[in-house]
Amino acid sequence: MVSRDEDTIVIYPCYFDKALSRSSGRRVPLSQAVEKPNLDSLAKAARLIGETIKIEKEAKHPSTPFRSDGRILISNPSGTKENILSKIASKL
């Protein structure tokens, strides 16, 4: 895994999962969430909004260490994490 620095944000597929509640890990409003988000669609959406990304396929979200859903790292994001999540959700 890649170490993170201050200019990198981490995004997990569970942030966009319609089946999850906010307390279970979803970070976007239900109206922007999708069913069964996957790493490839997240990466494609992040590239569409112009972000530089790195994919970590074997990464695990801290609250679900038994699932390897992966994550994307965005280097030098063009806004806040919540802003980036909203932009990605609009492209999913």
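The values are calculated or read from the model by the stated rules, or taken from the named source; none is laboratory data. All figures in this text were calculated on a predicted structure; none of them were measured in a lab. Neighbour counts run over all protein chains shown; Cβ positions are idealised from the backbone, glycine included. These accessible areas exclude ligands, DNA and RNA; they are computed on the full protein's heavy atoms, side chains included. Shrake-Rupley method; radii C 1.70, N 1.55, O 1.52, S 1.80 Å.
In order along segment 23-36, the Karplus-derived 3J(HN,Hα) couplings, from 6.51 cos²θ - 1.76 cosθ + 1.60 at θ = phi - 60°, round to 6, 9, x, 5, 10, 9, x, 4, 5, 9, 6, 10, 7, 6 Hz, and Gly and Pro are given as x. Shape analysis of segment 27-92 places it in the oblate category; the axes a ≥ b ≥ c from the Cα gyration tensor give an a/c of at least 1.5, with a/b not above b/c.
Here the chain has 48 percent of its accessible surface on carbon and sulfur atoms, given a 1.4 Å probe and all protein chains in place. Simple spin-label estimate for ARG67 and LYS54 gives 2.5 nm between the two label positions (7 Å along the Cα-to-Cβ direction from each Cα). Relative contact order for segment 1-86: 33 percent, from Cα pairs under 8 Å spaced at least 6 residues apart, divided by residue count. Entry comment: accessible area of the chain is 60 Å² per residue, from protein heavy atoms only and a probe of 1.4 Å. In this structure PHE16 has an accessible area near 0 Å², from a 1.4 Å probe over the protein heavy atoms.
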